[in-house]
1. Does residue 25 count as assigned to a loop (DSSP other than H, G, I, E, B), open to solvent by less than 80 Å² (accessible area, probe 1.4 Å) and of a type outside the set (A, V, I, L, M, F, W, C)?
2. In the set 39, 8, 14, 55, which member is open to solvent by less than 90 Å² (accessible area, probe 1.4 Å) and basic (Lys, Arg)?
3. Report yes if residue 19 is open to solvent by less than 100 Å² (accessible area, probe 1.4 Å) and either touching a helix residue (DSSP H, G or I) at 6+ places or on another chain (Cβ under 7 Å) or part of a loop (DSSP other than H, G, I, E, B) (or both), otherwise no.
4. Of (1) open to solvent by 80 Å² or more (accessible area, probe 1.4 Å); (2) within 10 Å of the chain's Cα centre (by Cα), residue 47 satisfies all except one. Which?
5. List the pairs whose first member sits in the stretch 37-55 and is at pLDDT 95 or above, whose second member is among the aromatic types (Phe, Trp, Tyr) and part of a strand (DSSP E or B), and whose Cβ atoms are under 6 Å apart, counting only residues at least 6 apart or on separate chains?
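The values are calculated or read from the model by the stated rules, or taken from the named source; none is laboratory data. The structure displayed is predicted, hence computed values, not measured ones. Glycine also receives a Cβ, built like all others from the backbone with ideal geometry; neighbour counts cover every protein chain displayed. Ligands, DNA and RNA are excluded from the accessible area calculation, which covers all protein heavy atoms including side chains. Shrake-Rupley method; radii C 1.70, N 1.55, O 1.52, S 1.80 Å.
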Amino acid sequence: MAKSTDTRPVIKLRSTAGTGFTYVTTKNRRNTPDRVRLRKYDPVARKHVEFREER
């Protein structure tokens with residue numbers, strides 16, 4: 001059976017520090033229909049910052 005990309009789309013998480021660094025991940029659209037905001041490590045800024053979903 002093939003994977004369904006309808007419920008788990010691939011999203012980009014872009015750093016709010018302005019460095020341009022991104023993480024790529026998937027999310028479950030049924031559980032989180034809004035845009036995702038996560039606090040992750042930005043190696044360019046060398047600290048933890050908020051990453052927001054970019055479409």
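1. So residue 25 does not fit the description; no.
2. Working: 39 fails: open to solvent by less than 90 Å² (accessible area, probe 1.4 Å); 8 fails: open to solvent by less than 90 Å² (accessible area, probe 1.4 Å); 55 fails: open to solvent by less than 90 Å² (accessible area, probe 1.4 Å).
Among 39, 8, 14, 55, only 14 is open to solvent by less than 90 Å² (accessible area, probe 1.4 Å) and basic (Lys, Arg).
3. Against the criterion (open to solvent by less than 100 Å² (accessible area, probe 1.4 Å) and either touching a helix residue (DSSP H, G or I) at 6+ places or on another chain (Cβ under 7 Å) or part of a loop (DSSP other than H, G, I, E, B) (or both)), residue 19 qualifies.
4. Only one criterion is unmet by residue 47, namely (2).
5. 38/51; 40/51; 48/41
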